[in-house]
Amino acid sequence: MTDTLEHGARPARAVDARANAAAPRLLDVANLQVSFGRGAHHVAAVKGVSFSLHQGRCLAIVGESGSGKSVTARSLVGLPGTGATLHADRLAFDGRDLTRLSHRAWRAFRGKEIGFVLQDALVSLDPLRPVGAEIAEGLRLHGAARSREERAQRVVDLLRLVGVPEPELKARQLPQQLSGGQRQRALIAAALALDPRLLIADEPTTALDVTIQAQVLALLEETRARGKALILISHDLAVVSRMADEVLVMRDGEVVERGVAEQIFSDPRHDYTRRLIAAIPSAHSRGSRLAPSSAPRFDTSSAALDPRHAAAAPEILLRADGLVKRFAGPDRSVHTAVDGVSFELRRGETLGIVGESGSGKSTVARLVMAFEPPDVGSVTLLGEDWGTLPEAARRRRRRDISIVYQDPLSSFDPRWTVGRILDDALPDDEPDRRGRIAELFALVGFSGSLAHRRPLELSGGQRQRLAIARAVAPRPRLIVCDEPVSALDVSIQAQVLDLLGDLKAELGVSYLFISHDLGVVHHISDRVLVMNLGRVVESGEADEIFLKPRVDYTKRLVAAVPRLAHRAAGDHPTPRASGAVA
Amino acid sequence: MSAAGRSALAPGPVVIWRRWLGPTVRRLLGAIAVFWAVASFTFCIQALLPGDRAELILNVAAGTFTQPTAAELAKVNAKYGFDAPLVVQYLRYLGGLVQGDLGASYQSHRPVLHIIAEQVPPTIGLTLSALLLGWIIAIVLTVPTAGRHDPLSRAVASFQVAAAVAPPYWIGSILLVVLAVKLRLVPVEGGSGLSGVALPALALAIPLSGFIGQVIREEFARVLDQPFVISARMRGMSDLGVRLLHVLRHAVLPGITLSGWALGALFSGAAVIETVFARPGLGGLLVAATSARDVPLVTGIIVASAGMYIIANLLVDIAYPIIDPRIKAS
Amino acid sequence: MTSTSDLISDRPVLPVQLLRRLADVVAVIRSVPVSVYLAAAIIMLYILAAVTPELLQSHAPFRTDLRATLQPPSFAHLLGTDQSGRDLYSRVVEGTRQSLAIGLGATALSTTLALILGVSAGLAGRVVDGVISRLLEVLFAFPNLFLGLLLIAVFEATTTTLIFAVGVGTAPGYARMVRGQFLAVKGAGYVEAARALGHPYWRIVLRHIFPNAMRPLVAMITLGFGQSIVWASSLAFLGLGVAPPSPEWGALLDAGRQFVTRAWWLEVMPGLAIIVFALSVTVIGRHLQQRLEGRVRVL
């Protein structure tokens, strides 16, 4: 607490001074504490958080998973979660003390005064009811529009306001008939239905494609421009940097740093904030390490394996020629997931494949792994045909290529220990199994005590390290990484990306690196393929693609990437709210 | 709403065929195939009957266990067509089935179909009222208690586990003893009126409610944590409102898929319950026919109830998209 | 492929690890709710009754006493007496062995059938799966009890027929569960990961698919045991089970049926014995289910 205040007091006052001093505070929170369970299972989720917010301003709460940011936000509408105990010295909205509200008064307050857009846009609308019914629900509950016709009209107006096309039609459709972006817009419309003065958006852009992300952020920006106060919760500093006036950085239920957005991003005071900013992979981080604590264990400057320094072009490990893969849809329609994809991957190289959801990039990974045969085209591994071989003949050669998945947990047998999982991954002719496993442990930075743990008992970062250790175990020439860091927090993501970099330098493996995150791909890849709707729309050197895109689609993609708006000195500052695709 | 919106939605004939009519026809054909298999299966069991069928028929009819003469046996074999090759018997059997002819009872020599037709209405009445009652009890007990851990909710959950285990005949006996014998609230021998059907239906409904209740409860607790439910609460909806308006519909879905199956269990339970309460119905008929080893009647009843089961499941399948519109939409 | 390394082996080597295992055991013991211990104790009592009925009986189960017919439950006769003055409690105890044997036999039969059908449907490919799935669909169309009745009508009512009737009647449901389980595990991420490592199919089946798919079956079999005793008692209740002089639970129910208005205990008490047993088995089965599905976190 004291630490928090020390960091917090000065900038917070500065903010107050900057804002119109005459304007009353819309929201005032002092020493908010939330805990779950009792007795031995007691866990404090929020440990004394204080902040205030004025009309028309935007506050961002930033932190990694478990930081207590979502619980803090949900406490503001009196729904911190089941089994939660809430205490606050002060919790006031527009001068009204919220800590004394009855259940009934809370219900009248929610939705009317504070609109809340929950995390998980894709599952926050009832899948059994039309979208319009969800938006009309708030109107009906608060008696804002009595007749059915009036509500239907208001719903259409709201959907139009948030930019959903064909609002009359969409209002009558089920959520799953809407695209991800439309669903998120509809959710925002539902939150705005009663014209609340404060809108809280919890991770409003997670799980959305970058171009959609940019549109949703633009919509929130518009909303604020209409005079609403906004609280934006995110794990992604870049996302909030464009819009926030003030920022709270949270870790383990405490505010570690607070201040005006410009200051936080240009001159972070707290070490944790600095680490978070440094951990964001992007063009600027290429060739450098993301996690400061992990110094490189190997001499990464050894140029022997770097394809760009080699005299002759190194051998081709993997070649894909005109791959086509079609799937039958539910009503027997044919969907072409991969449509004529060709590429080459040379030894010591990292080839990035970037694309939005549905672009076919994961199907390419499955074809390369020969989990499924291509309908047309061929995959050649180390100069030999690979994709159309019978599985029995392929098995011996599978040790040359391995895979790391997005969700490591499901890729481990839940009954097996870490040691057994790695033992199973070693080739049968491995002479010193015990020594090799110890070697793998050292490689991914595991201590011996983890050997007897089961996957469920590991943290997310540890699981992904184990997946990498397993992938490395048979000494492959090539590792396919399918969204390996998408499910991880920024700081863990940084460690895993650093580890992949180290392994490449030490072992000379090559990567086929698949991700939707342009920053991650730019950070790690030598060359990049951009995929859209099953086709490669552009390919080339990573810097070429991301700094000088030629194709319209890539240009739009790159423009939509959220960047830290307030860059540290030395970078050209990006104007706020630029790069949005409306 | 708007005309433009509707015309955009209006599906062409191909789409209607693909989305609705096609699957329905396919299901119908599937159901017919299953029914044919059921009939063949029962025929096989009859044909594999140990011992001589003609001897059995004579004994069943006479109520004795004597060794009939060869002439007597030949007469019976000729009458029932047992002397024909199995294939011919099988085709005759299927042909009869198509025309609604299930053969004649060994005991009364009346057509099986007529005997069954007399006993079907009380059984259907009993099973349907039990199904309805079971659902009502399950929902009333589950909606306010699911996802909660207070003593009352735990007690209700435990009751549902116990109820699902309890056999209907036992509950029936207790209800009979307590309500009819001790309290004299209802007559011991069930009449055909409401009070006559109430006790047997309740005896069937309680185990069923325990079963459905457990299924709903699990789904209910899962859905309660879904973001769309929390979203509704964030809009100012009350806990009970959320449970009734959002969660219940989801939680009921797995229960409905199981209701077709539950009908089979109810038929089984009805057989026992009709015996307990001395009610007319298919169950009592089947039990009597079984102990008399009146094979045509037994197989007839089984084929008929399998047919009803298949029809019920077909209806559930076809009606399911109404409750879960996702199926239509996807 | 056994290994020599302490990093690999599942067995603890160092004393520290032994201590950890011990702590795990304590944690498991503490995480089991009281109801499960209670249920286990009740089942032990039933097993005792099945093994040495004399130890628990208060009277000779077949001795008639015409001076004490149709006595309600009392201290002298815990569960009352029947129309011949036989002690009902002692008869229930006496019938335990046969009733449990019928339940056990039926469960063994249905589990075997379910495994044969379910495993071949789950592993042997699409054609076999299609055939078995259709077969199960057909078997499902027969109400459980009716399938049993059909068997009894065709073959005479004996203990063996009863076991077959219950075993065959309940098998399709379990077969469907087994099939679903194998298909689910077959599609699991770790099976694909094992394929990516180049392991042959038989090795994946043996090391991953079988052990993981069979885990929930332990709970299924436990739950099925309770259910099959209830089903067997239903058939016996209808007079289609074991012949009357035997104090098998279902036979007791059948005998008590005609006295239900005069001597309710003859009907209610044997039923209670069945339900208490089935409920205890169910409590344990459900606990196993939750534990195996990982819903109870121990560590």
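Close Cβ contacts (under 6 Å, 6 or more residues apart or on different chains) running from residues in region A:115-134 that are assigned by TED's automatic domain parsing to the domain that holds A:R224 and among the charged types (D, E, K, R) to residues that are open to solvent by less than 40 Å² (accessible area, probe 1.4 Å) and part of a loop (DSSP other than H, G, I, E, B) are absent. Residues of region C:258-270 include none that is within 13 Å of chain A (Cβ to nearest Cβ), part of a helix (DSSP H, G or I) and charged (D, E, K, R). Among the residues of region A:28-64, the ones that are open to solvent by 10 Å² or more (accessible area, probe 1.4 Å) and without any contact (Cβ under 8 Å) to a residue 60 or more places away in the chain come to 12 in all. Note on region A:356-404: residues that are within 14 Å of another protein chain (Cβ to nearest Cβ) and of a type in the set (D, E) amount to 3. The set of residues in region A:171-197 being under 27 Å from A:L26 (Cα atoms), open to solvent by 20 Å² or more (accessible area, probe 1.4 Å) and assigned to a helix (DSSP H, G or I) consists of A:R185 alone. Reported count of residues in region B:137-172, each being touching a residue at least 12 places away in the same chain (Cβ under 8 Å) and either of a type in the set (A, V, I, L, M, F, W, C) or within 14 Å of chain C (Cβ to nearest Cβ) (or both), is 21. Once region A:198-240 is narrowed to residues that are of a type in the set (D, E, K, R) and assigned to a loop (DSSP other than H, G, I, E, B), the residue that is farthest from A:S52 (Cα to Cα) is A:D209. Of the helices (runs of 4 or more DSSP H) that lie entirely inside region A:405-489, those containing 2 or more residues that are without any contact (Cβ under 8 Å) to a residue 12 or more places away in the chain and more than 9 Å from every other protein chain (Cβ to nearest Cβ) span A:433-444. Among the candidates B:L113, B:L185, B:L179, B:L131, the residue that is in contact (Cβ under 8 Å) with a residue 40 or more places away in the chain and either within 29 Å of C:D254 (Cβ to Cβ) or in a loop (DSSP other than H, G, I, E, B) (or both) is uniquely B:L131. For region C:206-239, filtering for residues that are polar (S, T, N, Q), open to solvent by less than 20 Å² (accessible area, probe 1.4 Å) and within 11 Å of the chain's Cα centre (by Cα) leaves 1. The residue of region B:52-108 that is modelled with the highest pLDDT, among those that are charged (D, E, K, R) and part of a loop (DSSP other than H, G, I, E, B), is B:D101.
Which of the helices (runs of 4 or more DSSP H) found entirely inside region C:128-205 contain at least 3 residues meeting this: within 14 Å of C:A114 (Cβ to Cβ) and open to solvent by 10 Å² or more (accessible area, probe 1.4 Å)?
Filter on region C:128-205 gives C:159-186.
For the criterion of being of a type outside the set (A, V, I, L, M, F, W, C), in a helix (DSSP H, G or I) and more than 14 Å from chain A (Cβ to nearest Cβ), C:G241 fails. B:P321 passes every criterion in (1) within 25 Å of B:T123 (Cα to Cα); (2) open to solvent by 10 Å² or more (accessible area, probe 1.4 Å); (3) at pLDDT below 85 apart from (1).
Select, from A:P373, A:P330, the only residue that is modelled with pLDDT under 80, in a loop (DSSP other than H, G, I, E, B) and more than 19 Å from A:H516 (Cα to Cα).
From the options A:P373, A:P330, the qualifying one is A:P330.
Screening B:I311 against (1) within 30 Å of C:L266 (Cβ to Cβ); (2) at pLDDT 85 or above; (3) more than 9 Å from chain C (Cβ to nearest Cβ) leaves a single unmet condition, (1).
Does region B:233-243 include one or more residues that are open to solvent by 40 Å² or more (accessible area, probe 1.4 Å), more than 8 Å from every other protein chain (Cβ to nearest Cβ) and at pLDDT 80 or above? Within region B:233-243, one or more residues are open to solvent by 40 Å² or more (accessible area, probe 1.4 Å), more than 8 Å from every other protein chain (Cβ to nearest Cβ) and at pLDDT 80 or above. For region C:240-274, enumerate the residues that are crowded, with 23+ Cβ neighbours inside 10 Å and within 18 Å of the chain's Cα centre (by Cα). Scanning region C:240-274 gives C:E248, C:W249, C:G250, C:G271, C:A273, C:I274.
The values are calculated or read from the model by the stated rules, or taken from the named source; none is laboratory data. Computed from a predicted model, the values in this text were never measured in an experiment. Methodologically, a virtual Cβ is constructed for each residue, glycine included, from the backbone with ideal geometry; neighbour enumeration extends over all protein chains shown. Each accessible area value is taken on the protein alone, full model and side chains, heavy atoms only, with ligands, DNA and RNA left out. Shrake-Rupley method; radii C 1.70, N 1.55, O 1.52, S 1.80 Å.
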